[in-house]
Amino acid sequence: QVELVESGGGLVQAGGSLRLSCVVSARSFTGYPMGWFRQTPGMDREFVAAITWTGDKTYYGDSVKGRFTISRDNAKNTVYLQLNSLKPEDTAVYYCAVQLYNSGSLSYARMYDFWGQGTQVTVSS
């Protein structure tokens, strides 16, 4: 099965930065679109960012545009999310996901097939 392992979450003051990483279990699966979502307790997962196989296209949720950057290194089987200018409202569990079987819009959680375990990002004021 496909596994995604995240790291990089933590506690940071408002205005600070974090870099999240997600390593995919098999090199062959890094040739598919990847996305980042976030979720707070009791809420639906919110689209954060997505990137195509080649990295030529990226997409961002309105709340993070201009602050977060998604990238990927297929040789390392890894997708990254750089979080800058963090705000308390960015506090959430962040999940990475891969679109393996589905196709279509990358901004919908239902379009992804495998998910990481999530990593907690907490931004204090």
Margin query: Can you confirm whether Y108 is in contact (Cβ under 8 Å) with a residue 40 or more places away in the chain and over 30 Å from S125 (Cβ atoms)?
Written below: yes
Item checked: Condition broken by G55, with the remaining ones in (1) free of Cβ contacts under 8 Å to residues at least 24 places away in the same chain; (2) open to solvent by 50 Å² or more (accessible area, probe 1.4 Å) satisfied -> (2)
Checklist line | Residue in segment 93-104 that is of a type outside the set (F, W, Y) and closer than 20 Å to Q13 by Cα present | finding: yes
Item checked: Filter result (touching a Lys or Arg at 6+ places or on another chain (Cβ under 9 Å) and buried (at least 23 other Cβ atoms within 10 Å of the Cβ)) within segment 87-96 -> Y94, Y95
Notebook entry, point to check: Got at least one residue in segment 27-43 being open to solvent by 70 Å² or more (accessible area, probe 1.4 Å) and assigned to a strand (DSSP E or B)?
Noted result: no
Margin query: Given (1) farther than 16 Å from G61 by Cα; (2) among the polar types (S, T, N, Q); (3) in contact with a Gly (Cβ under 9 Å, 6 or more places away or on another chain), identify the lone condition not met by N84.
Written below: (1)
Note to self: I'm checking my understanding of the structure. Among residues of segment 58-86 that are at pLDDT 95 or above, of a type in the set (D, E, K, R) and open to solvent by 40 Å² or more (accessible area, probe 1.4 Å), which one is farthest from G10 (Cα to Cα)?
What the structure shows: D62
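The values are calculated or read from the model by the stated rules, or taken from the named source; none is laboratory data. The model shown is predicted, which means the values in this text are computed figures rather than measured ones. We place every Cβ from the backbone using ideal geometry, glycine too, and count neighbours over all the protein chains shown. These area figures cover heavy atoms from the full protein model, side chains too; ligands, DNA and RNA do not enter into them. Shrake-Rupley method; radii C 1.70, N 1.55, O 1.52, S 1.80 Å.
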